[in-house]
Amino acid sequence: MTLFKDPQLPTDLPLDPRADTSARREHFDVVNPATEKTIAHVVNTEAEDWLGALARAVDTQKAYVAFTPRKKADICHAIYKEIMARQEEFARTMTLEMGKPLIEARGETANTADYFRWFGEEAVRIPGRYAQSPAGAGDIVVTRTPVGPVLAITPWNFPLAMGARKIAPALAAGCPVLVKPAAETPLSMLLLGQVIADVLERFSAPRNLIQILPTTDAAKLSETLMADARLRKITFTGSTAVGKILMRQSAQNLQRASMELGGNAPFVVAEDADMELALSCAMQAKLRNGGEVCVAANRFLVHESIANEFTQRLSEKMDKVVMGNGLEEDTTLGPMITAAQRDRIHALVTETVEAGATVHRGGEIPEQTGYFYPPTVLSGIPADARILREEIFGPVATVSTFSTLDGAIEKANDTEFGLASYGFSENVHTCQRFAKELNAGMVGINRGMITDIAAPFGGIKQSGFGREGGAEGIEEYLDIRYIGS
Ligand code: NAD
């Protein structure tokens, strides 16, 4: 098979920055989900590439130790600037391979850049501690050292930002990174890899601090690399099922792990909530990125006295959504990532309707090219429905009712996940109860989006552990060392 790139992709898009890209290598297809057309063939890396990359990462770690915190910060800031200078190129690449509307792809690119700016700022603030032994036995000095070579495995829903949350703190802390992007969306990450490698070279730092390893055999890649004790850290964003496999694999060599896994976010609307605010936040929490978001509202829990109005007005707002190819500037909802994902969402909806739920809008696969699924609103959902237990990962809103706040909080927390929760009320006491009692790593009060580069993003329970962003984000890439003297 020969190399191939869609003419709409940036001309200097690398299909694999390091590996041999000749036609002798095996390649895999990248498909535009809006057109169902192949837009690129990417080199399918294999065990030899992975182990070679790890060996290079080990070498670069030694060289990178000599870089001062200020120099690491300067590198991160230069990466920030370079990404912003090429924002449109990144955004188009992402829309072509993933389908999200250009406006969202531009936003994700800016957010990606911002992680480098933030962690550049953190690079010069890595804390330490001095204390005297209480018994007078000597001095206690606590320092932090880079954990070592990192394997980052990322999903397709945010092809750039999920990687940036890992790469930026790793580079700021002093660790080389191997990135395994999702096979559906390797192109944006290959471009980011090239941009970062070029900046590293400008600063006389080793290019191999970042290496991108696209493959269709993710299971073999993680098995191979994690069996090697030189790898010291696994950082993963993806499904809970795969997270558990990786945890088992990390046990062999006790690699440190950060797991950003699935969610099942409740969105509680109290009787006294500001209806207009709750509705606009509901649109954001449900339809951003087509609902293919781990912190997307999965279950709307609305007080029974306002549930009909909420459901009707939410459906009306969804009527205004423009579904189409993300490259069109007026598109506000792109396609699902694959036909299989779209069909999985449709099966969930169909099963719920067959069990007695009411469809207020949507619920049918449109007859058009591309893996589209329309914004859908369901109510009257049986309490034991699978759609309330599982992550929908699509533009489908389920509205259930409650009569007391105690009941709402109990329902909201009745999930094995614990990533994000949202609560809406104009009453300060109700808001305080949301803040204290909604059981999740992140709680949004009267807000439909709470992700922030400066805040610790992450979950509890089956949503995983570890935090990305904030001052906490860099700790994941640092080991603690105690020096007694
Ligand atoms: P996924 O777990 O199938 O895939 C994620 C990544 O893991 C991909 O790169 C994939 O190739 C790789 N992978 C698959 N099987 C593997 C294996 N056996 N060993 C090693 N790697 C393997 O998830 P997905 O369907 O691509 O993404 C959606 C999931 O990601 C959802 O559950 C979503 O909630 C979650 N997610 C979580 C966060 C968060 O921060 N908590 C953010 C975004 C997405």
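Structure summary
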{"read-out": "Qualifying positions in the range 212-222 - aliphatic (A, V, I, L, M) and either within 8 Å of the ligand (Cβ to nearest atom) or over 20 Å from residue 177 (Cβ atoms) (or both)", "value": "218, 219, 221"}
{"read-out": "Residue list for the range 319-352, restricted to those being assigned to a helix (DSSP H, G or I) and either in contact (Cβ under 8 Å) with a residue 60 or more places away in the chain or under 22 Å from residue 31 (Cα atoms) (or both)", "value": "339, 340, 341, 342, 343, 344, 345, 346"}
{"read-out": "Residue within the range 388-406 that is crowded, with 24+ Cβ neighbours inside 10 Å, more than 30 Å from residue 347 (Cβ to Cβ) and modelled with pLDDT of 95 or more present", "value": "no"}
{"read-out": "Subset of the range 428-440 [buried (at least 23 other Cβ atoms within 10 Å of the Cβ) and outside any helix (DSSP H, G or I)]", "value": "438, 440"}
{"read-out": "Residues being of a type in the set (Asp, Glu) and without any contact (Cβ under 8 Å) to a residue 60 or more places away in the chain - total across the range 355-401", "value": "3"}
{"read-out": "Of all residues in the range 294-309 being of a type in the set (A, V, I, L, M, F, W, C) and either at pLDDT below 95 or buried (at least 23 other Cβ atoms within 10 Å of the Cβ) (or both), the one that is farthest from the ligand (Cβ to nearest atom)", "value": "302"}
{"read-out": "Leading residue by the ranking (surrounded by the fewest Cβ atoms within 10 Å (Cβ to Cβ)) among those in the range 197-212 that are within 15 Å of residue 58 (Cβ to Cβ) and of a type in the set (A, V, I, L, M, F, W, C)", "value": "209"}
{"read-out": "Any hit, the range 339-348, residues being away from the ligand (no atom under 16 Å from the Cβ), surrounded by fewer than 18 Cβ atoms within 10 Å (Cβ to Cβ) and over 12 Å from residue 397 (Cα atoms)", "value": "no"}
{"read-out": "Filter result for the condition that a residue is among the small types (Gly, Ala, Ser) and either surrounded by fewer than 20 Cβ atoms within 10 Å (Cβ to Cβ) or farther than 30 Å from residue 247 by Cβ (or both), over 131, 152, 161, 123", "value": "131"}
{"read-out": "Test: residue in the range 409-423 that is assigned to a loop (DSSP other than H, G, I, E, B), touching an Asp or Glu at 6+ places or on another chain (Cβ under 7 Å) and over 17 Å from residue 289 (Cβ atoms)", "value": "no"}
{"read-out": "Members of the range 353-394 that are over 27 Å from the mean Cα position of the chain (by Cα) and assigned to a strand (DSSP E or B)", "value": "358, 359, 360, 361, 379"}
{"read-out": "Within the range 223-249, considering residues that are within 21 Å of residue 60 (Cα to Cα) and near the ligand (Cβ under 10 Å from one of its atoms), the one surrounded by the most Cβ atoms within 10 Å (Cβ to Cβ)", "value": "225"}
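To keep it simple, each residue is scored yes or no on (1) assigned by the TED database to the domain that holds residue 117; (2) surrounded by 24 or more Cβ atoms within 10 Å (Cβ to Cβ); (3) at pLDDT 95 or above.
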position: 36; (1), (2), (3): yes, no, yes
position: 51; (1), (2), (3): yes, no, yes
position: 61; (1), (2), (3): yes, no, no
position: 83; (1), (2), (3): yes, yes, yes
position: 86; (1), (2), (3): yes, no, yes
position: 89; (1), (2), (3): yes, no, yes
position: 92; (1), (2), (3): yes, no, yes
position: 96; (1), (2), (3): yes, yes, yes
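The values are calculated or read from the model by the stated rules, or taken from the named source; none is laboratory data. These numbers come from a predicted model, not from an experiment. Methodologically, a virtual Cβ is constructed for each residue, glycine included, from the backbone with ideal geometry; neighbour enumeration extends over all protein chains shown.
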